[in-house]
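Student: To start, I am sharing the structure in question, which I have written as structure tokens.
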Amino acid sequence: APKGDGGLRRSFLRSRLSDNPSLSEEEYRKVLEGISDPEVRDAVANGNWDIYSGQFFTEFRRDQHVCEPFEIPEEWVRWTGQDWGISRPACCLWLARVPPNVVIPTLGGPTRSELPRTIVYREWYHAGLASEDQALSLLVLSRDDPPLYWRYADPHMWDRRDDGGSIAETFHDAGWHISKANNDRKAGWDLIRHMLAPHDL
């Protein structure tokens with residue numbers, strides 16, 4: 001923590017209602033029922049602080065959707081998705097497709113699905129970088145990876161500037177070759193919710 005905030009290291013230990021034997025679970029549940037916001041109520045009851053009021057994807061659960069680090073096989077399909085930014089942070093995600101019936105060590109225990117799944121294995125966010133510097137940063141981060149099948153990016157990166165060029169061309173010139181993504185937001189939201197849905201072992 002910053003010096004002005006005590007300067008100490010801090011750790012978050014998840015605690016559920018059921019983890020505290022000194023509390024009357026029945027009485028505490030009545031207290032929780034007084035919290036009108038269902039997301040906040042769930043966060044307090046289950047120690048799930050990934051949930052917050054106004055959260056868009058309320059389906060996210062750390063024990064279901066976060067896994068222990070593991071070596072991704074080279075033959076798995078990989079790609080990136082990115083959003084350009086200067087004053088607001090630019091973002092790039094590296095993703096890999098998990099074949100059907102492969103066991104993944106999620107934090108809640110090993111999971112397997114008959115459907116292919118997608119994992120995000122690297123994230124990059126940065127504000128204040130020029131387009132060429134963004135491209136070079138992504139190239140450096142990917143230098144030891146197997147080849148990417150696709151590099152998807154926001155279609156607005158192909159908009160023409162006053163000088164006739166585009167942000168996409170700057171990335172291409174730097175060696176980070178990208179393709180236009182589909183930015184249909186409603187369809188994308190529906191797809192993410194489908195992907196966050198629970199899958200049985």
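Student: Within the range 1-37, restricting attention to residues that are outside any helix (DSSP H, G or I) and hydrophobic (A, V, I, L, M, F, W, C), which residue is nearest to Thr58 (Cα to Cα)?
Tutor: Let us first name the residues in the range 1-37 that are outside any helix (DSSP H, G or I), namely 1-2, 6-16, 20-24, 34-37.
Subsequent filtering for residues that are hydrophobic (A, V, I, L, M, F, W, C) retains 1, 8, 12-13, 23, 35.
Numbers: Ala1: 29, Leu8: 32, Phe12: 21, Leu13: 21, Leu23: 28, Ile35: 17 Å.
My answer is Ile35.
Student: Show the residue pairs meeting these rules: Cβ distance below 9 Å; 6+ apart or different chains; first residue within the range 90-117 and under 15 Å from Phe70 (Cα atoms) and open to solvent by 40 Å² or more (accessible area, probe 1.4 Å); second residue in a strand (DSSP E or B) and of a type in the set (Phe, Trp, Tyr).
Tutor: Here the result reads Arg97/Trp79, each pair linking the range 90-117 to a residue that is in a strand (DSSP E or B) and of a type in the set (Phe, Trp, Tyr).
Student: Then there's this: Collect the residues in the range 60-108 that are basic (Lys, Arg) and at pLDDT 90 or above, keeping them in residue-number order.
Tutor: Arg78, Arg97
Student: Let me ask something else. Picking from Asp145, Asp159, which residue would you name as being within 30 Å of Ile72 (Cβ to Cβ) and of a type in the set (D, E, K, R)? Step through it out loud before you land on a result.
Tutor: Working: Asp159 fails: within 30 Å of Ile72 (Cβ to Cβ).
Criteria check complete, one pass: Asp145.
Student: Next question, about the same structure. Can you give me the number of residues within the range 67-117 that are within 25 Å of Phe171 (Cα to Cα) and of a type in the set (Gly, Ala, Ser)?
Tutor: The number of residues fulfilling the criteria is 5.
Student: Shifting gears a bit: Counting only residues that are polar (S, T, N, Q), outside any loop (DSSP other than H, G, I, E, B) and on the phi > 0 side of the Ramachandran plot, how many does the range 76-115 have?
Tutor: The total comes to 0.
The values are calculated or read from the model by the stated rules, or taken from the named source; none is laboratory data. Since the model is a prediction, treat every value here as computed from it, not as a measurement. Cβ: placed from backbone, ideal geometry, glycine included. Neighbour counts: every protein chain shown. Just the protein is used for accessible areas: all its heavy atoms, side chains included, with ligands, DNA and RNA removed. Shrake-Rupley method; radii C 1.70, N 1.55, O 1.52, S 1.80 Å.
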